[in-house]
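Written below as structure tokens is the structure these notes are about.
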Amino acid sequence: MIFGKTKLELRVGIFVFIGLVILVVFILSIGGFKTWSSGYHINLSFNFVNGVKVGAPVRFAGVDVGEVKEVKLEFIPEESRSNVDLDIWIRNNIKIPADSTVWVNTLGLLGEKYVEIMPGNDYANYLKANECLIGVDPLPIHQIFKNAESILHNLDDGIAKIKNKEGSLGKLIYDDAVYNELQALVTDIRKNPWKLFIKTKEKK
């Protein structure tokens, strides 16, 4: 009786163990962990990363090849500025040319932030483990709005100058003399198209 009970407990224990193993493998697969893959780490240096977080995807030529493992904010006393270092993991079979360009990209307008690496042309030199690549800082959203505001301001100034009959376009639209001269020129060309082929003699 005791032997039968022990045998049943052993079977239950084995069943539970197999279930736990399957569960762990499933969780690791869903989470995108690189437990079963080999790779190497490189460092990316930015002044501004626009909200990149640990676990963010890393793309090389538009293909997912790794992820951000660590985000470190450091202060550089010599330059009196802060610097953001990203420690990223890259699959072992991916070779990144040393002259590649890297920046922070966004999925959609307000979507997930990820690291984009555009391959360079120096295929003779690849980044080795723990080497550093300087990134191109993304444009902050407030700077985008500021640039848009500046463009609209310049547009308003241009429209105001046209309405005030200032500049070439304003004179062309509102000045009858300029309009009449242009109209006369067009009429003359239509009547005498051969004048278009006459080269103006240079004054000596």
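Among the residues of the range 54-88 satisfying the criterion of being under 15 Å from the mean Cα position of the chain (by Cα) and under 19 Å from PRO138 (Cα atoms), which is surrounded by the most Cβ atoms within 10 Å (Cβ to Cβ)?
VAL58
From the list SER45, SER82, pick out the single residue that is polar (S, T, N, Q) and at pLDDT below 85.
Testing whether each residue is polar (S, T, N, Q) and at pLDDT below 85 leaves just SER82.
Could you please let me know if LEU73 is part of a strand (DSSP E or B) and modelled with pLDDT under 90?
yes
Run down ASN164, ASN105, ASN147, ASN125 and say which single residue is loosely packed, with under 14 Cβ neighbours inside 10 Å, modelled with pLDDT of 75 or more and either closer than 25 Å to LYS69 by Cβ or not aliphatic (A, V, I, L, M) (or both).
Among ASN164, ASN105, ASN147, ASN125, only ASN125 is loosely packed, with under 14 Cβ neighbours inside 10 Å, modelled with pLDDT of 75 or more and either closer than 25 Å to LYS69 by Cβ or not aliphatic (A, V, I, L, M) (or both).
Of the conditions (1) modelled with pLDDT of 90 or more; (2) among the charged types (D, E, K, R); (3) assigned to a loop (DSSP other than H, G, I, E, B), ASP87 satisfies every one except a single condition; which number is it?
(3)
Given the criteria without any contact (Cβ under 8 Å) to a residue 24 or more places away in the chain, among the polar types (S, T, N, Q) and surrounded by fewer than 17 Cβ atoms within 10 Å (Cβ to Cβ), does SER45 qualify?
So SER45 does not fit the description; no.
Could you please find all residues in the range 78-104 being touching a Pro at 6+ places or on another chain (Cβ under 8 Å) and within 18 Å of PHE48 (Cβ to Cβ)?
Residues satisfying the conditions are TRP103, VAL104.
Determine which single condition TYR114 fails, assuming it passes every other condition in (1) surrounded by 12 or more Cβ atoms within 10 Å (Cβ to Cβ); (2) in contact with a Pro (Cβ under 6 Å, 6 or more places away or on another chain); (3) at pLDDT below 85; (4) not aliphatic (A, V, I, L, M).
For TYR114, the failing item is (3).
The values are calculated or read from the model by the stated rules, or taken from the named source; none is laboratory data. Small disclaimer: the values here were computed from a predicted structure and weren't measured. Note that we place each Cβ from the backbone using ideal geometry, even for glycine, and neighbour counts take in every protein chain shown.
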